[in-house]
Amino acid sequence: MLGQLKQAGCPVCLDLVLQAGKDRDFGKLREDQRLQALTAGVVVKEPDYREAAKRFYNEVRTGKHTMLLATIKSGRMFTHRETAVNQEINSEFIYSEKAASEFALGGDTYPFKKADCEKRCCSVEVEDDGSLSGPASSVYNLESVCFWPQTPEIAVPISLEGHISQPEG
């Protein structure tokens, strides 16, 4: 089975192969040359999560759904948790393919500025110049997005958190 995981080559698969070579549960097997040969030279290459966060944010800002649909089609679940400032709203949604194709951030959004990533999750910073504020505005701030490394080059979004700043009144 470890050979199949290694051959698949996905980041999570390769991580499992590496962990098997270090796992205490494998005990004496760690000294087996076949296991050593299987785990030797394995390098886990992860996608560029900062670039994935930028691409995802810009896609949903402009109404594109390429990355989100890739998540659903890969069999992964996508969850969206949002809160609304000035209101007691705290919702979590799980998307189907149809819902994902219609997904859009509520309200206006500021342009992407940067993403700071830790492991597979990124906090997103936008260019908040205040231009979207005002008595009738509803501004959506995507706060974080987490990814699943489908291949060493492709990360699909699996969860997103954000809040809607809505006018008082």
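Taking the stretch 20-50 on its own, how many of its residues are closer than 30 Å to residue 124 by Cβ and outside any loop (DSSP other than H, G, I, E, B)?
Keep residues of the stretch 20-50 that are closer than 30 Å to residue 124 by Cβ, which gives 43-50.
From what's left, outside any loop (DSSP other than H, G, I, E, B): 49-50.
Total meeting the criteria: 2.
Of all residues in the stretch 18-42, those satisfying the criterion of being in contact with a helix residue (DSSP H, G or I) (Cβ under 9 Å, 6 or more places away or on another chain) and of a type in the set (Gly, Ala, Ser) are 20, 21, 40. Note on the stretch 51-74: among residues that are modelled with pLDDT under 80 and part of a loop (DSSP other than H, G, I, E, B), the one that is nearest to residue 121 (Cα to Cα) is 65. On the given criteria, is residue 86 out of contact with any helix residue (DSSP H, G or I) (no Cβ under 8 Å at 6 or more places or on another chain), surrounded by fewer than 16 Cβ atoms within 10 Å (Cβ to Cβ), over 24 Å from residue 157 (Cα atoms) and at pLDDT below 80? Criteria met by residue 86.
The values are calculated or read from the model by the stated rules, or taken from the named source; none is laboratory data. Everything numeric in this text was worked out from a predicted model, so none of it was measured. All Cβ positions, glycine included, derive from the backbone under ideal geometry; neighbour counts span all protein chains shown.
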